[in-house]
Amino acid sequence: MAEERQESVLTVKWSGEMLTDSALSCRDDLLKAFSEADEVLLDLSECYEIDISAIQLIISATLEASKTGKKFSVTGSVSPQVKKAFTAAGVDLNILSGGG
């Protein structure tokens, strides 16, 4: 009998300011999610400020997902300030959101 495996999906929600001083706990949240799920969604809908360290974590998560065969994407409505930070860092948020 063929065994069907249900893919697990976990959502990590960042809220408030995602700055250098919170990078370690954010990294731990993402690592835990990747160890527990096949697909990790990062919800930024309640995040109103983000800096380059958090953006680097998101890029690292994208690369980790690619290397391990897992799925990762940014989800949620992103504030104009957060969009501006991604643009300033030269990162296309649409690609991280699965938009191409």
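Yes/no matrix, rows are residues, columns are (1) under 15 Å from L96 (Cα atoms); (2) in contact with an Asp or Glu (Cβ under 7 Å, 6 or more places away or on another chain); (3) among the hydrophobic types (A, V, I, L, M, F, W, C):
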position: E7; (1), (2), (3): no, yes, no
position: S35; (1), (2), (3): no, no, no
position: L57; (1), (2), (3): yes, no, yes
position: G76; (1), (2), (3): yes, yes, no
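Pairing each residue of the range 7-35 that is at negative phi and free of Cβ contacts under 8 Å to residues at least 12 places away in the same chain with any residue that is among the aromatic types (F, W, Y) and assigned to a helix (DSSP H, G or I), provided the two are 6+ apart or on different chains, yields no C-beta distance under 9 Å.
Scanning the range 50-75 for residues that are in contact with a Leu (Cβ under 9 Å, 6 or more places away or on another chain) and within 19 Å of D38 (Cα to Cα) returns L57, I58, I59, S60, A61, T62, E64, K71, F72, S73, V74, T75.
Values in this text are rule-based calculations from the coordinates and carry no lab data. This is a predicted model, so every value here is computed, not measured. Counting neighbours? That spans all protein chains shown, and the Cβs are built from the backbone with ideal geometry, glycine included.
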